[in-house]
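Below is one structure; the comments refer to it alone.
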Amino acid sequence: MNEARITIITPTYRRNSAVLRRCLGCVRAQTFSYWRHIICSDGLHEQHAADLIGAEADARTTYCVSSRHYGDYGASVRQEMLTSPVDTEYVMFLDDDNIILPHYLEKMIRALDEASHGEAFAICAILHFGPLPFFFGKPPVLLRGEPRLLHIDTLQVVVRTEAMKAVGWRTGSYVADGFTYQELGKRFQYVRVDECLAIHM
């Protein structure tokens, strides 16, 4: 029986089936197997998404629909998911068009397990293909990640669930992730994983 240690939350809305299949596949390919993956459509039942997840035939992967359509880049879907189904030790947010490399969960969770100074979240580097603020130059860039606005993406962070629920998700804009992790960084310490473990598409 799988006893998940981390919940991966993926908001989705009218995403192309091939892209969503790629997202599911990168989670399935993880070397760390104690995860559960919740794919949540933004207020609209999407049969193609439900069918793809059903075809996975993996009890660790589930599909749901948010209580209403938010239309704010998945931010409110993340917040809604945090309020009830997440009871694992760790949580992360994987957008449906992004990719985590096979050792992502293993290395991020190991870093937090071995942290000895009360670190509540881990940050890794990502290869970022954009869109990016102009001062980063033309994509792709290696985004190292700092817990502040415009310097971090949801893809880079694994968080202790208690800390994430304490902060909550900042909603309503494309840069909600920056505001969210900026607040997380004000309240909690973090550990860096100095490897490129994911790809932002």
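Structure data summary
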| item | result |
| --- | --- |
| Strands (runs of 3 or more DSSP E) fully within region 117-173 counting 1 or more residues that are among the β-branched types (Val, Ile, Thr) and out of contact with any Phe, Trp or Tyr (no Cβ under 8 Å at 6 or more places or on another chain) | 121-128, 141-143 |
| Condition broken by TYR181, with the remaining ones in (1) closer than 15 Å to ILE8 by Cα; (2) touching a strand residue (DSSP E or B) at 6+ places or on another chain (Cβ under 7 Å); (3) part of a helix (DSSP H, G or I) satisfied | (1) |
| Residue in region 180-190 that is closer than 20 Å to ILE38 by Cα, modelled with pLDDT of 95 or more and surrounded by fewer than 21 Cβ atoms within 10 Å (Cβ to Cβ) present | no |
| Conditions (1) farther than 27 Å from ASP42 by Cα; (2) touching a Gly at 6+ places or on another chain (Cβ under 7 Å); (3) surrounded by 20 or more Cβ atoms within 10 Å (Cβ to Cβ): number failed by MET108 | (2) |
| Those residues of region 1-25 which are in contact with a helix residue (DSSP H, G or I) (Cβ under 9 Å, 6 or more places away or on another chain) and closer than 21 Å to GLU89 by Cβ, in sequence order | ARG5, ILE6, THR7, ILE8, ILE9, THR10 |
| Elements of type helices (runs of 4 or more DSSP H) contained in region 1-113, each with 2 or more residues being among the β-branched types (Val, Ile, Thr) | 17-28 |
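The values are calculated or read from the model by the stated rules, or taken from the named source; none is laboratory data. Keep in mind that what you see is a predicted model, and the values were worked out from it rather than measured. Backbone-built Cβ (ideal geometry, glycine too); neighbour counts: all protein chains shown.
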